[in-house]
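Undergrad: The structure is given below, and queries will be raised subsequently.
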Amino acid sequence: MIQPRSIMMSISLIVIVLTLAACSGSNEPSAIPEPSMPVGGTEEANETKRPQTESFEMLTADGNQSLEATLQQGGEFSLYVFEKFTFDAAQGRLSLTSNGDYYVDIEPLPSDYNLAELETAGKEELEKTGKVSDYSGELVEHPLGYAELYLQASGEEGISDYMVWKSEEGDAFLFRLHNPKGEEASDFASPVLVSLSTVQGDS
């Protein structure tokens, strides 16, 4: 009685293996898909810990609202992006979909970045826009909370920011933000700053 049972178990195992091989189209073991993993190639382990969507409370022209944002992956970081925004992962640029002149460029900084050199470069860059103000340090009622460097220039064409900011994980980033004068300026400012506060480096 033992022998026929062993034969049946062996046949069952062979059938299962052949079925898996046929489904996968190769001789390699079939991988179980992970529904939570975003589309777009290989993802870092830390990204899987972040939900695909998050809701954020913010003050808008219509008062306080809860807006949903979707997790998107950049070259070396991820962040949450709101519905009216477009994220170009190749350039690291987050922009207003209806008007690409409203944008912020996100650049990961090396661990040994020189803050003094960045400050000098930022001032030279912003002086072309207008008078440069320094708001570095603690940012009261601001989504970013604190910035090691926060330079801002306001001119006839609008506002430009040059910021060095660290995430809770200790990853440093350079933000170059351009907010021209226009009807869409208010639609851009609040959501983009909230998105920047969610930037997280891949480790």
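The values are calculated or read from the model by the stated rules, or taken from the named source; none is laboratory data. It should be emphasised that the depicted structure is a prediction, and the values quoted were computed from it without experimental measurement. No Cβ is skipped: glycine too gets one built from the backbone with ideal geometry, and neighbour counts run over all protein chains shown. Accessible surface areas use protein heavy atoms only, side chains included; no ligands, DNA or RNA. Shrake-Rupley method; radii C 1.70, N 1.55, O 1.52, S 1.80 Å.
Undergrad: What is the extension gain from GLU141 to ALA89, computed as 0.36 nm multiplied by their sequence separation minus the C-alpha to C-alpha distance, in nm to one decimal? Walk me through the numbers before you get to the answer.
TA: On the way: separation 52, 0.36 × 52 = 18.72 nm, distance 2.87 nm.
Additional length available on full extension: 15.9 nm.
Undergrad: For region 56-123, what is the relative contact order in percent, using Cα pairs closer than 8 Å and at least 6 residues apart in sequence?
TA: Values: 78 pairs, mean separation 11.1, N = 68.
Over region 56-123, the number comes to 16 percent.
Undergrad: Let's test this: bin the Cα-Cα distances of region 116-173 at 5 Å from zero up to the farthest pair and state each bin's percent.
TA: Going from the shortest bin to the longest, the percentages are 4, 19, 28, 22, 17, 7, 2, 0.
Undergrad: Can you work out the accessible area per residue across region 49-203, with the rest of the protein chains kept in place, probe 1.4 Å, in square angstrom?
TA: Values: 8510 Å² over 155 residues.
Roughly 55 Å² per residue, with all protein chains present.
Undergrad: Just the number, please: Stokes-Einstein D of region 105-203 in µm²/s, Kirkwood Rh from C-alpha pairs, 4 °C, 1.567 mPa s.
TA: Using the Kirkwood radius from Cα pairs, D works out to 93 µm²/s.
Undergrad: All other residues with a Cβ under 9 Å from the Cβ of LEU149 taken together, and with Lys, Arg as +1 and Asp, Glu as -1, what is their net charge?
TA: Details: positive: none; negative: GLU119, ASP134, GLU148.
Around LEU149, the surrounding residues sum to -3.
Undergrad: Further question: Give me D for region 154-197 in µm² s⁻¹, whole number, from Stokes-Einstein with Rh from the Kirkwood sum over alpha-carbon pairs, 4 °C and 1.567 mPa s. Each step should come with its number before you reach the end.
TA: Details: Rh = 11.6 Å.
Rounded, D is 112 µm²/s.
Undergrad: State the percentage of accessible surface on region 119-159 attributable to carbon and sulfur atoms; use a 1.4 Å probe and exclude ligands, DNA and RNA.
TA: Details: 1160 of 2670 Å².
Roughly 43 percent of what the probe reaches on region 119-159 is carbon or sulfur.
Undergrad: Could the peptides 50-60, 152-162 be put in order, highest first, of the mean number of other beta-carbon atoms found within 10 Å of their residues? Walk me through the numbers before you get to the answer.
TA: Numbers: 50-60: 12.4, 152-162: 17.7.
Listed from highest to lowest mean packing, they are 152-162, 50-60.
Undergrad: Roughly how compact is region 77-158, stated as its Cα Rg over 2.2 N^0.38 Å to two decimals? The partial results should precede the final answer.
TA: On the way: Rg = 14.3 Å, N = 82, 2.2 N^0.38 = 11.7 Å.
Rg over 2.2 N^0.38 Å, computed on Cα atoms: 1.22.
Undergrad: At a threshold of 8 angstrom on Cα-Cα distance, excluding pairs fewer than six apart, so keeping six or more, what relative contact order does region 116-203 reach in percent?
TA: On the way: 142 pairs, mean separation 19.1, N = 88.
RCO, region 116-203: 22 percent.
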